[in-house]
Amino acid sequence: MRKIAVYGKGGIGKSTTTSNISAALADMGYRVLQIGCDPKADSTKNLMHGEKITSVLDAIREKGEGNITPEDVLFQGYGGVWCVEAGGPTPGIGCAGRGIITAFEKLEEIGAYEICRPDIILYDVLGDVVCGGFAMPIRGGYARNVFIVTSGEMMSLYAASNIASAVKNFGKRGYAQYSGVILNSRNIENEEVLVKKALEEIGGEIVSILPRSASVQEAEGEGKTVIEALPDSKMADAYRKLAENILDLSAEVENNYE
Amino acid sequence: MSRLCVFMLPLAPDYSGAASALFDLGGIVVMHDASGCTGNFTGYDEPRWMGSRSAVYCSGLRRMDAVLGNDEKFIDATLKAAEDLNPSIIAYLGSPVPTVIGTDLKGMAAETENISGIPSFGFPTTGLDYYDKGASDVFMALIRRFAKKKSTVEKTGKTLNVLGMLPLDMGNKGNSDRILTWLKNQDYEILSDFAMGLSVDQIKNCPDADLNLVVARSGLAAARFLEKKYGIPYICGLPLDDGAELKGRLEKQERFQPLPEAQSDKKGILIIHEQIFANELRALLSKKTDVPITVGSLFGLEEELKASQDLHLPDEYSAIQEINSGKYQVILADPEFEKVIRREDVRLVALPHLAVSSKLHWDEYPDYLGEDILKIIESTVREGN
């Protein structure tokens with residue numbers, strides 16, 4: 001089993017990238033579980049043909065904490081990928097970080113991992129490690145490898161640096177490893193050079209370079225991943241290559257289930 | 001709000017059970033709280049505390065620590081204490097505030113162990129569960145961590161682990177010692193006693209036992225685990241009076257006390273106590289009276305130890321409703337239940353339970369292996385006639 005977290009600045013394309021990785025891995029024959037860890041709960045939309053699924057916290061809100069069943073929060077999308085959204089509190093109130101922790105606890109309680117029996121779990125996590133809740137996906141027992149999506153833009157690299165620092169800080173606890181960045185190109189000048197320069201300070205390597213492509217918007221317009229909507233496109237090839245690289249760089253770990 | 005106690009005292013929480021299970025281990029226990037939870041354990045739930053050298057600390061969690069996430073401060077303080085105390089283990093226990101802010105106690109333990117090399121544990125106790133769960137989780141973690149491989153040396157057939165022995169159930173008047181002495185008098189060698197007098201060496205050697213004796217529910221999960229992993233059978237029970245009941249079952253390795261069916265339409269007896277103890281008491285009582293006897297528990301019931309009429313009473317309100325339902329003539333329960341008896345025709349026979357009334361009655365426990373328990377039975381039968 002592999003457990004992988006994808007972090008990165010808000011709006012950088014984490015969910016699009018993660019969903020395409022999930023779809024590519026599913027096409028390779030893996031059982032995949034993608035868990036969206038953003039209160040917006042839209043990580044898995046393109047795996048679900050544009051449909052927003054009920055998040056764990058929405059289900060708790062509607063049915064009460066003790067009444068959730070796996071069917072309420074586990075959904076299968078393209079290629080059999082299991083999709084879960086942690087969800088969040090009412091915007092402006094509540095505690096989003098604690099919400100993620102609650103959602104993770106609830107998934108274990110309802111036996112989600114035993115039902116999905118994934119070969120690979122992908123955690124798609126909100127922009128930055130702002131509190132303990134958003135570090136939950138990289139705590140003990142969860143993700144072992146962290147990949148950061150970035151472009152060559154300053155703010156994106158700054159966020160990547162913060163995330164890599166947070167992951168390294170947890171090194172003493174034997175948690176997830178920072179395993180490199182995914183360059184999601186924005187077509188800015190010397191983008192690869194800029195990212196490589198930043199990596200001299202941040203550490204790590206570029207795992208894959210995803211070119212800027214209209215295919216992404218075209219597929220999203222259909223509520224699909226590029227892998228599903230445009231499987232013969234160059235962009236689909238780029239995502240498949242990224243999925244292979246991630247498999248090469250991530251560690252086999254013990255199952256979450258018996 | 002249904003779990004609010006209006007008349008009774010708050011019941012012993014999971015962190016008290018966890019701290020009690022760790023108390024004799026020679027480790028450092030850090031309760032991550034502002035001091036109320038530590039005070040609740042040391043002042044009200046742990047009769048061994050006064051005069052002991054057991055290192056139970058309060059982290060002194062404050063508002064800004066919660067805001068800033070000052071895990072390092074607490075880890076550093078713990079490591080400093082460890083330099084002086086040379087503890088066998090270090091354990092961080094949670095409380096309501098760490099639960100709300102999602103403190104990573106297991107992570108703190110991993111960091112502490114990485115730096116010090118001392119086996120360290122984080123137990124995410126919340127203050128919202130009860131003592132038996134806290135103790136049960138500790139027993140499981142200790143066994144998973146320390147138990148060695150089963151030895152290949154030939155067995156005597158008379159080695160035993162005792163699981164679930166805590167003052168929160170057994171009180172403060174020597175019942176645990178009396179039970180161990182009784183077992184030794186039956187020629188059993190006690191390899192480990194979870195958790196009064198427990199040591200890391202005892203835990204290491206526990207897979208070599210021929211049998212596990214579960215004396216309270218808190219030991220049941222560990223017994224099931226030891227059976228599954230090491231093939232050690234277990235039985236549930238404890239000796240009362242002269243121990244004849246248990247002696248027979250130990251010899252036959254009969255796992256559970258045979259449970260009665262509710263058949264009589266007479267007004268009955270309700271025993272509210274720890275489930276395994278209550279079952280043993282019911283067995284003794286049923287030899288003296290033919291009225292139906294129900295076991296009720298505030299802390300939950302194990303299905304396999306439960307007779308059809310037995311009841312989980314999950315909150316004070318449901319306990320009050322049951323006690324005053326008209327179905328019972330005698331309530332055999334902690335003296336604090338006197339406050340909630342509202343019917344003239346219901347009598348209470350006092351049977352302290354530390355997890356229910358903490359220090360108020362911990363010196364009033366009957367001698368489980370002496371005349372006291374017989375007097376309680378006689379009194380119950382007399383009140384019931």
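Annotations for the structure displayed:
- Pairwise FRET efficiency - B:E227 versus A:K234, Cβ, R0 = 45 Å, nearest 0.05: 0.15
- For chain A, a Gaussian network of Cα nodes joined below 10 Å ranks A:P89, A:P118, A:P39 by mean-square fluctuation, and the top entry is A:P89.
- Taking all protein chains together and rolling a 1.4 Å probe, B:T156 ends up with roughly 100 Å² accessible.
- Over all pairs of different C-alpha atoms in region A:39-102, the reciprocal of the mean inverse distance, the Kirkwood hydrodynamic radius, equals 12.1 Å.
- With both residues required to sit in chain B, DSSP beta bridges show an antiparallel share near 5%.
- Centroid-to-centroid, using Cα positions, region A:161-207 and region B:208-273 are 58 Å apart.
- Between A and B, accessible area buried - total, square angstrom, nearest 100, 1.4 angstrom probe: 800 Å²
- Rg in Å to one decimal, and Dmax rounded to a whole Å, for region A:211-258 via C-alpha atoms: 14.2, 43
- Three-way shape call for region A:173-258 based on the alpha-carbon gyration tensor, with the a/c threshold at 1.5: oblate
- With all protein chains modelled, accessible area of A:M155 [1.4 Å, Å²]: 120 Å²
- Computed over every Cα-Cα pair of region A:59-171 and binned at 10 Å starting from 0, the pair-distance distribution P(r) comes out as 12, 39, 35, 13, 1 percent.
- Amide H within-cut-off set for A:S208, under 5 Å, with H built and near neighbours excluded: A:L183
- Long-range amide H partners of B:C58 with built H, under 5 Å: B:M31
- Among the listed pairs B:K73/B:K228; B:K228/B:K252; A:K3/A:K241; B:K80/B:K204; B:K73/B:K148, a Cα-Cα separation exceeding 29 Å is found for B:K73/B:K228; B:K73/B:K148.
- Note on A:E71 and A:E254: their simple-model spin labels are 3.3 nm apart, each label 7 Å out from Cα toward Cβ.
- Cα gyration tensor category, rounded, prolate or oblate, for region B:132-194 with a/c compared to 1.5: oblate
- P(r) weight above 16 Å for region B:224-334, C-alpha pairs, percent: 61 percent
- A probe of 1.4 angstrom, applied to the heavy atoms of all protein chains, finds B:Y15 with accessible area near 20 square angstrom.
- Within the protein assembly as shown, percent of DSSP bridges classed antiparallel, to nearest 5: 5 percent
- Cut-off 11 Å (backbone N to label point 7 Å along Cα→Cβ of A:K63), residues of region A:104-132: A:110
- Translational diffusion of region B:116-162, µm² s⁻¹ [Kirkwood Rh, Cα pairs; Stokes-Einstein; 10 °C; 1.306 mPa s]: 116 µm²/s
- Sulfur and carbon atoms: percent of accessible area, region B:231-385 [1.4 Å]: 46 percent
- Radius 13 Å from Cβ of A:M28, net charge of other residues (Lys, Arg +1; Asp, Glu -1): 0
- Bridge type composition, region A:32-160 - antiparallel percent by DSSP, nearest 5: 15 percent
- Protein accessible area in chain A, 1.4 Å probe - carbon and sulfur %: 48 percent
- Computed with the Debye formula from one identical point scatterer per Cα of region B:22-160, without solvent, the log10 of I(q)/I(0) at q = 0.16, 0.21 Å⁻¹ comes to -0.85, -1.39.
- Taking every alpha-carbon pair in region B:89-187 and binning the separations at 5 Å intervals from zero gives 2, 10, 15, 16, 16, 15, 11, 8, 4, 2, 0 percent.
- Residues in region B:38-134 average 47 Å² of solvent-accessible surface per residue, probe 1.4 Å, ligands and nucleic acids excluded.
- Dimensions in Å of region B:281-385 - Rg and Dmax from alpha carbons: 13.5, 35
- The gain in end-to-end length when the B:K247 to B:N324 segment is fully stretched comes to 24.1 nm, 0.36 nm per residue minus the alpha carbon separation.
- Label separation (B:D315 vs B:E344): 3.2 nm, computed from points 7 Å beyond Cα along the C-beta direction.
- Per-residue HN-Hα couplings for region A:24-40 [Karplus 6.51, -1.76, 1.60; θ = phi - 60°; Hz; x = Gly/Pro]: 5, 5, 4, 4, 7, x, 7, 7, 10, 10, 10, 10, x, 10, 10, x, 5
- For chain B, fraction of C-alpha pairs farther apart than 39 Å, in %: 18 percent
- Label-point gap, in nm, between A:E114 and B:K375 - each point 7 angstrom along Cα→Cβ: 4.9 nm
- Overall dimensions of region A:1-85, expressed as equivalent-ellipsoid semi-axes from the Cα gyration tensor (√(5λ), whole Å, largest first), are 22, 16, 11.
- Taking one quarter of the surface of the C-alpha convex hull of the protein assembly as shown gives a mean projected area of 31.5 nm².
- Once backbone amide H atoms are built at 1.01 Å from N, B:L348 has B:I331 as its partners under 5 Å, excluding neighbours fewer than 5 places away on the same chain.
- Sorted peptide list for B:103-109, B:367-373, criterion being average Cβ within 10 angstrom, highest first: B:103-109, B:367-373
- Computed from the Cβ-Cβ distance with R0 of 35 Å, the FRET efficiency linking B:R144 to A:I188 stands at 0.10.
- Value of Rg to Rh for chain A, rounded to two decimals, is 0.94; Kirkwood radius and Rg both from alpha-carbon coordinates.
- Residues B:I115 and B:S35, FRET efficiency given R0 of 25 Å [Cβ-Cβ distance, rounded to 0.05]: 0.45
- Cα-based shape type of region A:112-225, given that a ≥ b ≥ c are square roots of the gyration tensor eigenvalues and the cut on a/c is 1.5: oblate
- Of all the options A:G141, A:G203, A:G94, the one that moves most in a Gaussian network model of chain A with Cα springs shorter than 10 angstrom is A:G94.
- Computed per residue of chain B from DSSP H runs no shorter than four, each worth -39500 (n - 2.57), the mean residue ellipticity at 222 nm is -11000 deg cm²/dmol.
The values are calculated or read from the model by the stated rules, or taken from the named source; none is laboratory data. Predicted model, so just to flag it, every value in this text is computed and none were measured. Ideal geometry is used to build each Cβ from the backbone, glycine not excepted, and the neighbour counts take in all protein chains shown. For accessibility, only protein heavy atoms count, side chains too; no ligands or nucleic acids. Shrake-Rupley method; radii C 1.70, N 1.55, O 1.52, S 1.80 Å.
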